[in-house]
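Every number here is computed from the coordinates shown, using simple stated rules; none is lab data. Quick caveat: nothing in here was measured; it's all calculated off a predicted structure. Cβ placement follows ideal geometry from the backbone for every residue including glycine, while neighbour counts extend to all protein chains displayed.
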């Protein structure tokens with residue numbers, strides 16, 4: 001069975017500092033990986049996704065993530081955060097033949113001025 | 001504008017009083033899904049539908065029903081709500097049945113409180 005682990009429930013950082021949000025998954029087969037962002041009082045929207053090819057994936061708003069198959073990780077990074085990045089971030093995984101997506105428990109990113 | 005709409009956005013009800021949360025998408029998507037979001041648990045899938053008249057259980061289907069009579073609509077029905085169904089609910093849609101490869105578009109959410 002697939003699962004997704006986001007170890008950090010909250011990550012506070014200062015504005016313009018770099019940030020990494022961690023995501024680990026477990027699956028015995030090939031997977032597709034996603035990061036979604038949820039701004040306050042809104043639904044989720046796709047930040048980036050890994051389907052195949054280059055392991056470094058670039059998304060919207062300056063975010064990127066790296067797929068590491070050996071470590072079964074898909075960590076999200078941004079070199080310099082802004083106040084507007086304050087949101088909850090969800091990692092998600094699915095198999096190519098699956099109709100379901102499994103979401104992690106979320107990481108709340110708070111930016112301090 | 002391409003979007004997923006949900007109604008109502010907020011609902012307070014009492015135990016046992018049947019309710020329906022509507023979900024509609026205008027993108028001609030085949031795949032639709034309902035999730036509930038609870039603190040510390042992330043999003044958990046309740047039901048999904050790969051096309052009209054095709055629905056299947058997700059991870060937490062107990063206490064919920066769905067129907068997919070039209071492609072654009074996917075209502076969530078709580079026949080006898082209980083306090084443990086107090087949650088934030090999201091509807092989502094995607095272009096194809098294999099949701100893995102296609103982005104899911106989420107509605108704005110419905111905050112349900114059952115007293």
Is it true that some residue in the stretch A:33-55 is touching a helix residue (DSSP H, G or I) at 6+ places or on another chain (Cβ under 7 Å) and within 20 Å of residue A:16 (Cβ to Cβ)?
-> yes
Within the stretch B:35-60, the count of residues that are buried (at least 21 other Cβ atoms within 10 Å of the Cβ) and under 19 Å from residue B:25 (Cα atoms) comes to 7
Considering residues of the stretch B:56-97 that are touching a residue at least 60 places away in the same chain (Cβ under 8 Å) and part of a loop (DSSP other than H, G, I, E, B) only, the residue farthest from the other protein chains (Cβ to nearest Cβ) | B:80
Within the stretch A:26-36, count every residue that is within 11 Å of the chain's Cα centre (by Cα) and more than 11 Å from chain B (Cβ to nearest Cβ).
-> 1
Please enumerate the residues belonging to the stretch A:27-58 that are exposed (fewer than 13 other Cβ atoms within 10 Å of the Cβ) and touching a residue at least 12 places away in the same chain (Cβ under 8 Å).
-> A:29, A:30, A:40, A:55
